[in-house]
Amino acid sequence: YRAELLGAIKSHRLNHEIYITQKKGDATQVVAQRASEFDVVVAVGGDGTILEVVNGLRGQDAALGLVPIGTGNDFARGCGVPFNDVEGAMAVLLADQAKCIDLGEVNGRLFMNMLGLGFAGRGNQIAHCLPRFLGKLKYFLSVLLTFIIYRRSVVTIHFDDHQLKEPLFLANIANGPYTGGGMTVNPKANMTSSTLELAYMPALTRLKFLRYLSKLFDGSIAAVPEISYFYSQEFILQ
């Protein structure tokens, strides 16, 4: 993608400066230090790179641009930006039609898309440990591995006048609809709604999990009786 990106920048005669990250946290640090010098800061990479750039932009006036060329590209899906398509992403950038979206915050750190608890959190942790050459397959494998090893634990979730407290199978606190390379546990989550959506599934048998697996990828998981949805601007976890 690098040659294609450089070619697109040259053909459109864009004033630019490229910074190549060296380690985790680099993007947040350099963006925080230098974003004031630019109108737009473009994150080139996957959801992890975008997350770092978003946190670096906190309190800055520069807009965020996306050239999503990662494995999952879930944030780009939710924003309607073409992914693994440099020309398509550049066309969105050059259209200069910026829009405002919501962001979530957990323990002082911003997130754009989703916070996963229970099965979802453990699955994401496993996915990050799998080799990158697996591509999107690593998300499917992480689901299967999590299915084998995950054991429910009690999590208390407070919001508004409600409290949920029981052994938890899955909970997603979502700003956007996609996770895990296109899975849609929160198909109605909206980045401009001013609320977060909690998908809450306290219990699920292993047999039903296998039956529901395909529903994670088409959004129909939202219709199963074991899952409930709640909306709030703030969820407190204990």
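Each reported figure results from applying straightforward, stated rules to the coordinates on display, with no laboratory input. Predicted model, so just to flag it, every value in this text is computed and none were measured. Cβ: placed from backbone, ideal geometry, glycine included. Neighbour counts: every protein chain shown.
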Given labels modelled 7 Å from the Cα in the Cβ direction, how far is it in nm from Leu207 to Arg151? 2.3
Full-stretch length increase - Arg34, Leu141 - with 0.36 nm per residue and alpha-carbon distance subtracted: 34.7 nm
A correct Karplus calculation of ³J(HN,Hα) over the range 20-27, with 6.51 cos²θ - 1.76 cosθ + 1.60, θ = phi - 60°, whole Hz and x for Gly and Pro, returns 9, 5, 10, 7, 4, x, 4, 4
For the range 162-177, what does the Karplus curve 6.51 cos²θ - 1.76 cosθ + 1.60, with θ = phi - 60°, yield as ³J(HN,Hα) per residue in whole Hz, taken in order and with x for Gly and Pro? 10, 9, 10, 8, 6, x, 10, 8, 8, 8, 10, 9, 10, 9, x, x
Mind giving me the FRET efficiency for Asp26 and Ala223? R0 is 41 Å, r the Cβ-Cβ distance, nearest 0.05 is fine. 0.45
Of all GluC sites (Glu not before Pro) in the range 15-68, the ones in DSSP coil with at most 15 other Cβ atoms within 10 Å are Glu17
Taking a label point 7 Å from the Cα of Leu130 along the Cα→Cβ vector, which residues of the range 23-58 have an amide N closer than 18 Å to it? 46-48
With Cα coordinates, the longest principal axis of the chain makes an angle with the long axis of helix 86-95, in degrees rounded to 10, of 80
For the range 130-201, give the magnitude of the charge dipole about the Cα centre (Cβ charges: +1 Lys/Arg, -1 Asp/Glu; no others), in debye to the nearest 20. 460
Based on the Cβ-Cβ distance from Ala95 to Lys188, what FRET efficiency comes out when R0 is 30 Å, to the nearest 0.05? 0.65
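To the nearest 20 Debye, how big is the dipole of the chain about its Cα centre, given +1 on the beta carbon of each Lys and Arg and -1 on that of each Asp and Glu?
1020
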So which lysines can Lys215 reach, going by Cα to Cα under 23 Å and dropping same-chain residues fewer than 8 places off? Lys136, Lys138, Lys188
Could you please state, rounded to a whole Å, how far the C-alpha centre of the range 189-238 is from the C-alpha centre of the range 41-92? 25
Long-range amide H contacts for Ser232: which residues qualify at under 5 Å (H placed 1.01 Å from N, peptide plane, sequence gap of 5 or more or a different chain)? Leu196, Leu198
Estimate the FRET efficiency between Asn15 and Leu103 by the formula 1/(1 + (r/R0)^6), using the beta-carbon distance for r and 30 Å for R0, to the nearest 0.05. 0.65
Within the chain, what is the longest stretch that has no trypsin sites (Lys or Arg not before Pro) placed in a DSSP loop and near at most 10 other beta-carbon atoms within 10 Å? 152-238
